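Contents: one structure, followed by commentary.
A short reminder: the numbers here are calculations on the coordinates, not readings from a lab. Being a predicted model, the structure only gives us computed values, none of them experimental. Neighbour counts are summed over all protein chains in view; Cβ atoms, including those assigned to glycine, are modelled from backbone coordinates with ideal geometry.
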Amino acid sequence: MEIFRLQEPISVELLTKKKKLGQYKDVLQKNNVALMKELERQVRELEMKNKELENHIRYSDLDESEFESMMRDYEVVIKKIWGEQQVLMYENTRLRSHAGYLESSFGKLLEKYEEAKNIVREFEKNEGSLKKELELYNEVIKKLENNYKSFKDYAESRIAEVVVEDSRNKSKDSRSRE
């Protein structure tokens, strides 16, 4: 049970990290949306500026070369903004994909954690039964040691009796030969 109490903070920590990952994902999406809105605002401003310039050209005495120069500048700016918008869209897609991979990896990690927790539970169950068996074997060993000691004591006392009896017999034999 202590192992599970120790693992509870890890599980809570993993869930907190998953929540933070979702928050980061939301922040990234909001940032990309804000950047896209800014680019769209800039495009609208440039379109308005373009209309102003067109009106100005109509009423001014600009020659054709100046007008062509302004149009080339305008086209360069529009292409630059369009390129930046494409880069942001690509980055947005890439970040969403990355967040998806992170979420998937986190899910797999959480599954592995649960699997490891189940394995630990099984080890705890086995540990209890193994301890019981070890206690039984220790009791059997103690009984066998006690039996061995009593058999040894009995054998030593019998040997001592036989030795004493044998020495008595030898002394009787030596007296009877004399």
Give me the net charge for the shell around Leu136: Cβ to Cβ below 12 angstrom, other residues only, Lys and Arg +1, Asp and Glu -1. +1
Give the lysines whose C-alpha is closer than 26 Å to that of Lys49, dropping any in the same chain fewer than 8 places away, or say none. Lys37, Lys79, Lys80
What order do you get for 122-135, 82-95 when each peptide is scored by the mean count of other beta carbon atoms within 10 Å, highest first? 82-95, 122-135
Determine which lysines satisfy two conditions relative to Lys112: a Cα distance under 29 Å, and not lying fewer than 8 residues away in the same chain. Lys17, Lys18, Lys19, Lys20, Lys25, Lys125, Lys131
